[in-house]
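*Asks:* Take a look at the following structure, please.
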Amino acid sequence: MRNPLNLSRCFMLLLSAVAGAAHAEIEASLDLRLVDSDGRKSFVDGGWGKLRYPANDDGLNLGRARFAWRGSPGGDWHANVDLSAWSLDEHNALGVTEAWMEWRPVPQSAWRSNLKIGAFYAPISLENRAPGWTNPYTISNSALNTWVGEELRTIGVGYSLEHLGEGSGSAFDFGVNVAVFGWNDPAGVVLALRGFAMHDRQTSIFGHLGTYAYGGRDQRVEFAEIDHRAGYHVGGYVKHDSGFELSGLHYDNRADPSVYLESIDDYAWNTRFDTLGVRYDSPRGTTLIAQWMHGGTAAGPDYANRWKFDTEFVLLSQAVGKHRFAVRYDDFSTYQLASAFPGALSVDEGHALTANWTWQVRNHVEIAVEWLDIHSDYSARVALGELPRADEHLLQMALRFYL
Amino acid sequence: MELGTAFHTRALASVLALALPTLGIQEAAAARLDLRVVAVDGSVLAGTVVVVRSTNSSRPPATPTKGVMDQMNREFVPHVLIVPVGSRVTFPNSDTVSHQIYSFSPAKKFQFPLYRGSPNPPVDFDRAGVVTIGCNIHDQMRAYVFVVDGQYYGRTDTSGAWNAADVEPGEYTVLVWHPLSREMRPIIEQQVRVTDASAGTSLTLRVATPLKLRAESTVPANWDAY
């Protein structure tokens, strides 16, 4: 955890370790997006809109082109590298979203443990469970998981221990997990300076995320080690064989907010949060997910700039043959609690409604149509000469091809 | 010609003499057994595993077979397989993705490394019991091999019925499992006498207590494929 350059060395090491794996598989997919939006200037371009596609992106766009490689270098080890391109312009032409190796021995009893090393998603999302951390229910993620995809990645070591009920005649599966990580010190900056957003674009490990217009800079480095202090997260889940699942996680990047890194022009953001979610899958294809998150972030000497954030959503989905319907309600807010600079403290509040229809046309081809209606009130928009209140709407159709 | 006919007649008679007693016993012995399995509230239980085992422990179980449990679209096909003890089962993988299947059930512990196609030898199921099969990569994949030591076996149909046409009269224990019950123990264990009455033996077996069953998804597994 010396400097950000070491991260690329680690990645190259991982790539060379897995390149010769005996058992390799490739996944590839292409997601083309037809868009009709009235959104404000997008955060992707340094604006304060909540959508990935603003009004001037109407028409055909690249949703995502994904290429993943997984293999088993030997023994009980598995490796996975996930590459994605999210747009055809200068914003991260191609990037790595996850790259890890996992020690996953075949269970010899109801207990199972595994160890993961690399860059991966913390077990937070109850939505994003399809390949490439995608969401099978809606094109746009919930506000909560949009943020996870934007700013969070566990770059370090994770361990989990699970008890599988079925092997022991119990109705419950349960597990605990813990991870120690670095390179996640900027996490929180986007929430503080823009608030929550809703889309499906994940920040790649070596990529950037557009955030705000101050200082003429609209690209943020999201994964960097600034203060040389490790963070951690710890979580657990319980699953009942009737289809209920409860999961929770506590995250703290333990960043020292007084440390500033000149090369990326950013402080270490001290960010911690708790999240709790419930999920129910009925045998007849109904899925209900409700998830809640509460946390805070701080930057600058003496924690001089502080924010708290809250978000929750409820998603209901029904699969009918080759079709799946989903609706979701999201609520989110970010309140600034203290500022080192004079002036009013910023407030961002909003809610959104998402309706989605996904159709598996045939093997390897899928169409999804989604309506997203997001209302937000962000006080800082006044600084750009905009009204604080934004009512943004997005109708999009995804045409997906899978290898 | 005469000689030939006489010879043939004699030969036929001796063959019949040898065969008739056997045929006679089997004809008399082949009795029909009709079972219907219902829950405690009387509703039919489809898909239950029925095993009919002679109380005469010197009678051998049904002849071992060669079974196949395939892997297609990230599911085991079939996901319930019943084989007599001593049977050999192959586990080909017809998916384009690799699977790593295993069992830690006491009746048969085994594991295969990640594979596609049919690189592995058959598994010998040499002990009676329920063997839960899983995939270490795809947790939602589950299947059950019922290794049975009875003389007759099968699964109840959609009306909860199962029958065997050629049961040898005698005393039997009928064991019924539900593949979705949490505890892998028979939900019914009952003594049955099969007689050689021409009408056969017909019985309704009722589960004594309400069943605690796992929810089984009817949604294709490839919806959330990973």
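*Asks:* Looking only at segment A:292-347, filter to residues that are charged (D, E, K, R) and more than 24 Å from the chain's Cα centre (by Cα); which one of those is farthest from A:Pro186 (Cα to Cα)?
*Replies:* Among those that are charged (D, E, K, R) and more than 24 Å from the chain's Cα centre (by Cα), it is A:Lys322.
*Asks:* Name every residue in segment B:143-198 that is among the aliphatic types (A, V, I, L, M) and within 30 Å of B:Tyr102 (Cα to Cα), in order of residue number.
*Replies:* B:Ala143, B:Val145, B:Val147, B:Val148, B:Val174, B:Leu175, B:Val176, B:Leu180, B:Met184, B:Ile187, B:Ile188
*Asks:* If you don't mind, another one. Conditions: (1) modelled with pLDDT under 95; (2) surrounded by 16 or more Cβ atoms within 10 Å (Cβ to Cβ). A:Ser333 meets all but one. Number of the miss?
*Replies:* (1)
*Asks:* Just a yes or no: is a residue in segment B:119-132 modelled with pLDDT under 95, under 16 Å from B:Phe76 (Cα atoms) and touching a Gly at 6+ places or on another chain (Cβ under 9 Å)?
*Replies:* Looking for residues that are modelled with pLDDT under 95, under 16 Å from B:Phe76 (Cα atoms) and touching a Gly at 6+ places or on another chain (Cβ under 9 Å), one finds at least one in segment B:119-132, hence yes.
*Asks:* I would also like to ask the following. Could you list, in sequence order, the residues of segment A:40-96 that are polar (S, T, N, Q) and either within 14 Å of chain B (Cβ to nearest Cβ) or more than 18 Å from the chain's Cα centre (by Cα) (or both)?
*Replies:* Within segment A:40-96, A:Asn56, A:Asn61, A:Ser72, A:Asn80 meet the criteria.
*Asks:* Only one of A:Arg389, A:Arg400, A:Arg381 is at pLDDT below 95 and charged (D, E, K, R). Can you tell me which?
*Replies:* From the options A:Arg389, A:Arg400, A:Arg381, the qualifying one is A:Arg381.
Per-residue answers, yes or no, for (1) acidic (Asp, Glu); (2) crowded, with 18+ Cβ neighbours inside 10 Å; (3) out of contact with any strand residue (DSSP E or B) (no Cβ under 9 Å at 6 or more places or on another chain); (4) part of a loop (DSSP other than H, G, I, E, B):
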site	(1), (2), (3), (4)
A:Ala224	no, yes, no, yes
A:Arg229	no, no, no, yes
A:Gly236	no, yes, no, no
A:Lys239	no, yes, no, no
A:Ser242	no, no, no, yes
A:Leu246	no, no, no, no
A:Leu249	no, yes, no, no
A:Ala255	no, yes, no, yes
A:Ser258	no, no, no, yes
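*Asks:* Of all residues in segment A:269-305, which are in a loop (DSSP other than H, G, I, E, B) and aliphatic (A, V, I, L, M)?
*Replies:* Scanning segment A:269-305 gives a single hit, A:Ala304.
*Asks:* Which condition breaks for A:Glu162 when tested against (1) within 22 Å of A:Gly236 (Cβ to Cβ); (2) crowded, with 21+ Cβ neighbours inside 10 Å; (3) of a type in the set (D, E, K, R)?
*Replies:* Only one criterion in (1) within 22 Å of A:Gly236 (Cβ to Cβ); (2) crowded, with 21+ Cβ neighbours inside 10 Å; (3) of a type in the set (D, E, K, R) is unmet by A:Glu162, namely (2).
*Asks:* Can I ask one more? I'd like the residue in segment B:40-64 that is surrounded by fewer than 15 Cβ atoms within 10 Å (Cβ to Cβ) and among the hydroxyl-bearing types (Ser, Thr, Tyr) and, out of all such residues, is farthest from B:Pro119 (Cα to Cα).
*Replies:* The qualifying residue farthest from B:Pro119 (Cα to Cα) is B:Ser43.
*Asks:* Further question: Only one of (1) over 24 Å from A:Asn184 (Cβ atoms); (2) within 14 Å of chain B (Cβ to nearest Cβ); (3) outside any strand (DSSP E or B) fails for A:Pro123. Which number is that?
*Replies:* A:Pro123 satisfies every listed condition except (1).
*Asks:* Collect the residues in segment A:126-156 that are among the small types (Gly, Ala, Ser) and closer than 22 Å to A:Phe206 by Cβ, keeping them in residue-number order.
*Replies:* A:Gly132, A:Gly149, A:Gly156, listed by residue number.
*Asks:* Residue by residue through segment A:25-38, note down the ones that are under 28 Å from A:Leu191 (Cβ atoms) and either within 14 Å of chain B (Cβ to nearest Cβ) or within 21 Å of the chain's Cα centre (by Cα) (or both).
*Replies:* Listed by number, the residues that qualify are A:Asp31, A:Arg33.
*Asks:* Right, something else. For residues in segment A:126-159 being part of a strand (DSSP E or B) and among the small types (Gly, Ala, Ser), which is surrounded by the fewest Cβ atoms within 10 Å (Cβ to Cβ)?
*Replies:* Per the stated criteria, the residue is A:Ala130.
*Asks:* Examine segment A:263-273 for a residue that is closer than 24 Å to A:Val221 by Cβ and acidic (Asp, Glu), and state whether such a residue exists.
*Replies:* The answer is yes; a qualifying residue exists.
*Asks:* Among the residues of segment A:265-282, what is the count of those that are over 18 Å from A:Ala304 (Cβ atoms), more than 14 Å from every other protein chain (Cβ to nearest Cβ) and surrounded by fewer than 18 Cβ atoms within 10 Å (Cβ to Cβ)?
*Replies:* Within segment A:265-282, residues that are over 18 Å from A:Ala304 (Cβ atoms), more than 14 Å from every other protein chain (Cβ to nearest Cβ) and surrounded by fewer than 18 Cβ atoms within 10 Å (Cβ to Cβ) number 3.
*Asks:* Quick one: in segment B:175-202, of everything that is surrounded by 16 or more Cβ atoms within 10 Å (Cβ to Cβ) and among the polar types (S, T, N, Q), which residue is farthest from B:Asp34 (Cα to Cα)?
*Replies:* B:Ser181
*Asks:* Sticking with this structure for a sec: Within segment B:88-158, which strands (runs of 3 or more DSSP E) (wholly inside it) include 3 or more residues that are within 11 Å of chain A (Cβ to nearest Cβ) and touching a residue at least 60 places away in the same chain (Cβ under 8 Å)?
*Replies:* none
The values are calculated or read from the model by the stated rules, or taken from the named source; none is laboratory data. Every value quoted in this text rests on a predicted model; they were computed, and no experiment measured them. Positions of Cβ are generated from backbone atoms using ideal geometry, with glycine treated the same way; all protein chains shown enter the neighbour counts.
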